[in-house]
1. What pairs come up if the first residue lies in the range 84-106 and is at negative phi and modelled with pLDDT of 80 or more, the second is assigned to a helix (DSSP H, G or I) and surrounded by 10 or more Cβ atoms within 10 Å (Cβ to Cβ), and their beta carbons are under 8 Å apart, counting only those six or more places apart or on different chains?
2. Looking at residue 26, is it farther than 18 Å from residue 6 by Cβ, in a helix (DSSP H, G or I) and touching a residue at least 24 places away in the same chain (Cβ under 8 Å)?
3. If you go through the range 61-81, how many residues are in contact (Cβ under 8 Å) with a residue 60 or more places away in the chain and surrounded by fewer than 18 Cβ atoms within 10 Å (Cβ to Cβ)?
4. Of the residues in the range 29-44, how many are loosely packed, with under 15 Cβ neighbours inside 10 Å and in contact (Cβ under 8 Å) with a residue 24 or more places away in the chain?
5. Would you mind telling me which numbered condition in (1) farther than 19 Å from residue 85 by Cβ; (2) within 13 Å of the chain's Cα centre (by Cα); (3) touching a residue at least 12 places away in the same chain (Cβ under 8 Å) residue 52 fails?
6. Residues of the range 4-25 being surrounded by 15 or more Cβ atoms within 10 Å (Cβ to Cβ) and within 25 Å of residue 89 (Cβ to Cβ), which ones?
7. Say we look at the range 1-23 and pick out the residues that are free of Cβ contacts under 8 Å to residues at least 12 places away in the same chain and in a helix (DSSP H, G or I); which of these is farthest from the chain's Cα centre (by Cα)?
8. So for the range 55-74 (the condition being at negative phi and in a loop (DSSP other than H, G, I, E, B)), does at least one residue qualify?
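The values are calculated or read from the model by the stated rules, or taken from the named source; none is laboratory data. Owing to the predicted nature of the structure, the values given are computational and were not obtained by experimental measurement. Cβ placement follows ideal geometry from the backbone for every residue including glycine, while neighbour counts extend to all protein chains displayed.
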């Protein structure tokens with residue numbers, strides 16, 4: 001369990017997870033799966049916080065648990081949205097423009 005488990009630490013974790021998710025490229029499916037495993041997987045950062053709840057004092061357990069559950073729902077929703085965006089882009093055949101490739105001759 002992380003040394004610090006508070007509502008603020010859950011919020012910071014959620015913010016960093018969302019920024020990491022937003023930084024993923026549209027075609028980076030391996031990166032998306034690595035993000036899911038890193039934050040929401042069995043040994044993910046948020047999962048470890050939620051598993052450590054019984055060790056917390058009763059006074060803060062409920063608040064930290066509620067914040068953790070809200071964060072988990074938000075991250076799962078954003079993950080599903082990003083995955084759907086990637087699948088839609090793949091179906092449409094949209095590829096990122098690589099400006100380093102030579103141009104086509106007409």
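1. Sorted first by the residue in the range 84-106, then by its partner, the pairs are 86/29; 86/32.
2. Details: farther than 18 Å from residue 6 by Cβ: yes; in a helix (DSSP H, G or I): no; touching a residue at least 24 places away in the same chain (Cβ under 8 Å): yes.
In short, no.
3. Qualifying residue count for the region: 2.
4. 1
5. Answer for residue 52: the failing condition is (2).
6. 17, 18, 21, 24 - these are the residues of the range 4-25 that are surrounded by 15 or more Cβ atoms within 10 Å (Cβ to Cβ) and within 25 Å of residue 89 (Cβ to Cβ).
7. Restricting to residues being free of Cβ contacts under 8 Å to residues at least 12 places away in the same chain and in a helix (DSSP H, G or I), the top hit is 8.
8. Scanning the range 55-74, I find at least one residue that is at negative phi and in a loop (DSSP other than H, G, I, E, B), so the answer is yes.
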